[in-house]
Amino acid sequence: MPVISRQTIDEVRRRANLVEIAGRYTALKRAGREYKGLSPFTEEKTPSFFVNPDKNVFSCFSTQEAGDVFAFVQKLENLTFQEAVENLADRAGVTIEYEAGGPSRQEISLRKQLFEINAQAAAFFAEKFQADDEPGRKIRDYWTDQRKFKLETAREVGIGLAPVDPSLLIDFLRKKGYSEKALDTSGLFYERRSGRSGFFPRFRGRLMVPIRDVQERVIAFTARVTPLTPDDDKTKDAKYVNSPETPLFQKRRVVFGLDRAGAVVRSGGRFLLVEGQLDVIRCWESGIPEAIALQGTAAGRDQFLLLKRYCNGVDVLLDGDRAGKGAAYKLLPIGFQTGVDLRFAPLPEGADPDDLLREKGAEALQVLRKNAGSPIHFALRYLAPDPVSVDQATRTTILEEIYGLLRQMESDVTRKDFFDETARYFRSDTQFVINDYARFLKNGPPSHVRPQDAPAPPSDVRLTENEEVLLFLALQFPTIREIFSQISICEWITEESPEARLLRRLGSELIEGSFTDVDDFRNHCESEQERSILARLLVREVDLEEPEVVAERTFQEIVRKFATKEITRLVDSMNALPAGDPELRSLQTRRRELRNLIHKPPVLATIA
């Protein structure tokens, strides 16, 4: 790759303001001649990250990291030096010059190409949304008449339309000269299979909502089904389809709307957490810019730690139905573990923020926020809506659940307040609750609580082997089969257990397109043992919030196992060769590749 000129590097360093750049990742406050804030590199409660604006350098005492603006971006975004220069040059408006002339499009770093591709795609979709043709008029009518949004909002947010014609987007991007690898990796197209040329778009006839990082760069899309979505779209039954995970987009590390809301709450405000992207956009349109949403229904620890860098408070306003309350309840342990101050605003039964804002305006929503309750108040109402009618055994079970949550808190003062609140709710004595909690910590659940009465643990797949877990997920969830039809998992499976053989066969059928349905797959089992395995896995009842996340984690474990076994085999081969043998070099190269595979296994193309 051509080397960036020294003049360009110096100009980027001169223009790139580290206080401004770092301030997008963590809230910074003036401390004498420096700025300080929570470390963006690790989890901490006391600020140890300092930026010197005069020297344009940083120092992080909790991680011992220090350096200039290039080092900051390299560390935080896991970039090479050249990628960091490219990244900052774009932000600072510096045209990059190279020592040996300009590079070809294929020579520009993959990350830079991906950012460019997403930006170009967002502009392309926005142009189709605004086009004076039949699809453009229909999608705008859908936006204004059915969704009740303003056209001005669509322009501000960058709302777009993915055309139905599968050739338009790829033709548009190919004319820009992007590499085949970058187009493959962008997530805008389904993975090309062997023997198939061209790219087929992931999104067709859908309303496109761009997802941006804290630097306001487009990194992915959420696509909503519309009347324009064609019948032959294989994901038409899914109301929303997200971009798969890419080098730019890991959904458990992304908060939708943080690029706008972060600047609003830095001065002491609180985030407003709603369920979906369109709920966020409705809040923005209604004059509530601090609204955000998580990617997917399950929150991640990384997302909460990211929010904590900006402020310590989040008002939760999820849908008023049982599913919305259940999603809110799952936020409690993450909030307690990360020290984020959660408050829960009660929405009316069956209502969502979008309905409330359209029908009653922002004032009604702000009233709900003012009446928001503590996390324990919300948990008690969720677990025991009518405390008077709760019998002793059920109350004991509920208290055990509450104690399990409170155990994750570090603040004894806040925990004491929650003891008082719990005692009032059940018309009990605070000291009794404190003593009962102490017994819980010492002995665990009391003997008179039967296991079946205890609160159910979070949904999870508890099977013995990774191959068995993936087989179970593929049998139970069509979205997992869709993923496995796009990326071959067979090459990584090294085990020869019956479950592994079944998984390998299922993966082959999915990638070849010969799979019809689960029943047909079961009918073609080769032995009674295989039929028994499938029956055992199919009969399990599971409520798994995000099977894609479990599949991702399990798949990567299988890849690591494959690489470890392959390294052992290679080492044996290398030891058997004489010194200086020319084959040693190729074996050593392969060993390095496998070691890299262990540290950074491939990512599944997920559909959420």
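We did not get these values from a lab; they are worked out from the coordinates using the rules stated. The shown structure was predicted, so the numbers you read here are calculated from the model rather than taken from an experiment. A quick note on method: Cβ atoms are made from the backbone with ideal geometry, for glycine too, and the neighbour counts reach across all protein chains shown.
Quick notes on this one:
- Cα gyration tensor category, rounded, prolate or oblate, for region 236-296 with a/c compared to 1.5: oblate
- Take every Cα pair under 8 Å whose residues are at least 6 apart in sequence, average their separation, divide by the length of region 253-361, and the relative contact order is 30 percent.
- Cβ-based exposure ranking for T479, T185, in which fewest neighbours within 10 Å come first: T479, T185
- Potential lengthening between E557 and R301 on full extension [0.36 nm per residue; Cα-Cα distance subtracted]: 90.1 nm
- The chain - convex hull of the alpha-carbon atoms, volume per residue in Å³: 216
- Point-to-point label distance, Q215-D232, nm (Cα→Cβ direction, 7 Å offset): 4.0
- Translational diffusion of region 6-103 was estimated from the Stokes-Einstein equation, with Rh taken as the Kirkwood radius over Cα pairs; at 10 °C and 1.306 mPa s the coefficient is 114 µm²/s.
- Normalised by the number of residues in region 108-249, the mean separation of alpha-carbon contacts (under 8 Å, six or more apart) gives a relative contact order of 25 percent.
- Approximate shape of region 318-393 as ellipsoid semi-axes (Cα gyration tensor, √5λ), whole Å, largest first: 23, 17, 11
- For region 253-361, size of Cβ-based charge dipole, Lys and Arg +1, Asp and Glu -1, in debye: 520
- Hull volume in cubic angstrom per residue (convex hull over the Cα atoms of region 253-361): 87
- Ordering of 399-407, 254-262 by packing [mean C-beta count within 10 Å, highest first]: 254-262, 399-407
- Of S179, S514, S109, the sequence from fewest to most neighbouring Cβ atoms within 10 angstrom is S514, S179, S109.
- Sorted on the mean count of surrounding Cβ atoms within 10 Å across their residues, most packed first, peptides 240-246, 468-474 read 468-474, 240-246.
- Here the convex hull built on the C-alpha positions of region 381-453 has a volume of 94 cubic angstrom per residue.
- Each Lys and Arg contributes +1 and each Asp and Glu -1, all at the Cβ; summed about the Cα centre of region 211-254, the dipole is approximately 260 debye.
- Region 261-292 and region 43-67 have their alpha-carbon centroids 28 Å apart.
- Calculated P(r) tail over 22 Å for region 466-599, as whole % of Cα pairs: 46
- Relative contact order of the chain, taken over Cα pairs closer than 8 Å and 6 or more residues apart, is 9 percent.
- Bridge orientation summary for the chain: considering DSSP beta bridges with both residues in this region, about 75 percent are antiparallel.
- Overall form of region 284-413 per C-alpha gyration tensor (a/c, 1.5; a/b vs b/c): oblate
- Förster-model FRET efficiency, 22 Å R0, K416 and E349, C-beta, rounded to 0.05: 0.10
- Hits among aspartates and glutamates - C-alpha to C-alpha of K176 under 12 Å, sequence gap 8 or more where chains match: E116
- Backbone HN-Hα couplings from phi across region 375-390 [Karplus 6.51/-1.76/1.60, Hz, Gly and Pro as x]: x, 6, 4, 5, 4, 5, 5, 6, 7, 9, x, 10, x, 5, 8, 6
- Residue order for L273, L365, fewest other beta carbons within 10 angstrom first, comes to L365, L273.
- Shown is the FRET efficiency for T144 and E491, computed with R0 = 41 Å from the Cβ-Cβ distance and rounded to the nearest 0.05: 0.25.
- Flagged links, alpha-carbon separation over 24 Å, of K181/K561; K55/K308; K75/K251; K416/K442; K251/K416: K181/K561; K55/K308; K251/K416
- The calculated Kirkwood hydrodynamic radius for region 130-253 is 15.5 Å, given to one decimal from all distinct C-alpha pairs.
- Model label points for K565 and S389, set 7 angstrom from Cα along the Cα-to-Cβ axis, are 5.6 nm apart.
- Only Lys, Arg (+1) and Asp, Glu (-1) charged, at Cβ; region 142-192 dipole about Cα centre in debye: 120
- Translational diffusion of region 183-324, µm² s⁻¹ [Kirkwood Rh, Cα pairs; Stokes-Einstein; 20 °C; 1.002 mPa s]: 131
- Estimated vicinal HN-Hα couplings, Hz - region 402-408 in sequence order (Karplus 6.51, -1.76, 1.60; Gly, Pro = x): 5, 4, x, 6, 5, 4, 7
- Computed over Cα pairs, the Kirkwood radius of region 274-329 leads via Stokes-Einstein (1.002 mPa s, 20 °C) to a diffusion coefficient of 178 µm² per second.
- Each peptide in 310-318, 343-351 was scored by the mean count of other Cβ atoms within 10 Å over its residues; highest first, the order is 310-318, 343-351.
- Normalised alpha carbon radius of gyration of region 138-210 [divisor 2.2 N^0.38 Å]: 1.32
- Dipole-positive endmost among L347, I96, F440 within the chain (Cβ charges, Cα centre): I96
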